[in-house]
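S.K.: Starting off with a structure, shown below.
Readers should treat all values here as calculations from the given coordinates under stated rules, not as data from a laboratory. Owing to the predicted nature of the structure, the values given are computational and were not obtained by experimental measurement. Virtual Cβ from ideal backbone geometry, glycine too; neighbours counted across all protein chains shown.
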């Protein structure tokens, strides 16, 4: 009987710790020019701190590699690659991997997602900071220097074949980094966590009360719907996320490479996929593509998507509602 | 049923009941009110009740306002003013950020989603 008592005690203690671990959260504002939130269920605060520190460190490392604005000593990052356009450099493996993936996405998206679009995007970035509109003639000139086939990856070397071209990895870097950081947290024993790098959300496991709940914003304010996930990545590309106004007109940050102006097909596109890097590239691609092409692309990745059109109507892939 | 077993059973039941009572009590006291969490460079700077109008100066960098159940950044020393132009927020988990100053303002409520995209 004493044995039974011991077993009952042990069970009670075990279930007490396993089923009701505490929720911890950390916020970082120094990576990828956005707000990052890491939430995890852990047994102790120390356990969470160790995970959070590792996740933050990994995101910082990747941020520096993909940074096109700042240089870091001893690191051949994206800025170094852009500055050396025309010459070959030996960047870290992650930069080579993301560039090669970017070349694939250029083909997959029918040329809509182009990481070699930096010259045009940096002009828009500059104008957004100044609160003015870009000169259309200048945009056209800059667009002459966006030929991704001139980005040559050869083993450990990358060379931008056009001295006036530059890379902008903004459409892919956050999703890729969130994926890598989540993999690291998992390898360190993290089982129930969610990481949001500026809205690129990766989840692992469930909360004690069930799946992670992600509210999808209505571009006009309020919440459109909530999706429940456990293990999937959720990303939204929307015209309400980063924008500025000139003369009462809103200009958002996702530029259509064909018009050189903010894309106008959709107000927002939300993607649910297995892998956060895919989800990030998919959401930008779908934001720039007509519905049928977007649907076909989502299907290729087994991803689900939700589109909000300019008239406010909502379109979903067949399996999207399974998450609602 | 032996006397010993009965006593064990009673003890087990008592332990389970005590555990349940403790869990219930902790869940009851843990229930947070609606609040606004202000962080500076990731560190918790202040927690303000959402139902009480207030104005908070964050180290001279930003002024955070709570007004009629909503919160927003009234002014900031940053250049791009994205935070000032952000609409007031009131839903659980929503965040307004002033990245150049490392300030985030998040609404905390029970029953909201975990994240918003």
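S.K.: Mind listing the Cα extents of chain B along all three principal axes, in Å, largest one first?
M.R.: Projected onto the principal axes, the Cα atoms of chain B cover 79, 27, 27 Å.
S.K.: Just counting partner chain Cβ atoms within 10 Å, what average do the residues of peptide B:107-115 show around their Cβ? Intermediate results must be reported in sequence, preceding the final value.
M.R.: Numbers: counts 0, 1, 0, 0, 1, 4, 9, 17, 13.
Counting Cβ atoms of other protein chains within 10 Å of each residue's Cβ and averaging gives 5.
S.K.: What nm distance separates the two modelled labels at residue A:90 and residue A:265, each placed 7 Å from Cα along Cα→Cβ?
M.R.: 4.1 nm
S.K.: Continuing with the same structure: Using label points projected 7 Å from each Cα along Cα→Cβ, tell me how many nm separate residue B:77 and residue B:16, to one decimal.
M.R.: Calculated label separation equals 6.1 nm.
S.K.: Please average, across the residues of A:25-36, the number of beta carbons from any other chain that are within 10 Å of each residue's own beta carbon, and give a whole number.
M.R.: Working: counts 4, 3, 11, 5, 12, 4, 0, 1, 2, 2, 10, 2.
If you average over the peptide's residues, the count of other-chain Cβ atoms is 5.
S.K.: While we're looking at this one, here's another question. Modelling each spin label as a point 7 Å along the Cα-to-Cβ direction, I'd like the residue A:107/residue A:137 distance in nm, to one decimal.
M.R.: 3.9 nm
S.K.: Report, to the nearest 10°, how far helix A:45-66 tilts away from the longest principal axis of the Cα atoms in chain A, using its own Cα long axis and a range of 0 to 90°.
M.R.: Tilt relative to chain A: about 10 degrees.
S.K.: Right, another one. Quick check: the distance between the Cα centres of region A:158-230 and region A:269-316, to the nearest angstrom?
M.R.: Region A:158-230 and region A:269-316 have Cα centres separated by 15 Å.
S.K.: With a bin width of 5 angstrom, please list the P(r) values of region A:197-287 as percents of all Cα-Cα pairs, from the 0 bin to the one holding the largest distance.
M.R.: Cα pair-distance distribution for region A:197-287, in percent: 3, 13, 21, 23, 18, 11, 6, 3, 2, 0.
S.K.: Angle between the Cα long axis of helix B:3-30 and the longest principal axis of chain B, 0 to 90 degrees, nearest 10?
M.R.: Long axis of B:3-30 versus the principal axis of chain B: about 10 degrees.
S.K.: Size of the protein assembly as shown along its principal axes in angstrom, Cα-based, largest extent first?
M.R.: On the principal axes, the protein assembly as shown reaches 93, 53, 47 Å in Cα extent.
S.K.: Where does helix A:93-108 land angle-wise versus the long Cα axis of chain A, in degrees 0 to 90, nearest 10?
M.R.: On a 0 to 90 degree scale, this one is about 70.
S.K.: Only helical DSSP H runs with n ≥ 4 go in: add -39500 (n - 2.57) per run for chain A, normalise by residue count and round the 222 nm mean residue ellipticity to 500 deg cm²/dmol.
M.R.: On the way: 9 runs with 121 residues, N = 324.
The per-residue figure over chain A is -12000 deg cm²/dmol.
S.K.: While we're on this one: Work out the mean other chain Cβ neighbour count within 10 Å for the residues of A:209-217 and drop it here as an integer.
M.R.: Working: counts 0, 0, 1, 3, 8, 6, 10, 3, 4.
Shielding by partners across A:209-217 averages 4.
S.K.: Sticking with this structure for a sec: Would you please calculate the Kirkwood hydrodynamic radius of region A:79-160 over all C-alpha pairs and express it in Å, rounded to one decimal?
M.R.: Working: mean 1/r = 0.0726 Å⁻¹.
Roughly 13.8 Å, rounded to one decimal.
S.K.: Go ahead and estimate [θ] at 222 nm for chain B from helices alone: -39,500 (n - 2.57) per DSSP H run with n ≥ 4, summed, over the residue count, rounded to 500. Walk me through the numbers before you get to the answer.
M.R.: Numbers: 2 runs with 32 residues, N = 117.
About -9000 deg cm²/dmol.
S.K.: Quick one: which of A:144-151, B:11-18 comes out on top by average Cβ neighbours within 10 Å, and what's the full order, highest first?
M.R.: Values: A:144-151: 17.0, B:11-18: 12.2.
My ranking of the peptides, most packed first, is A:144-151, B:11-18.
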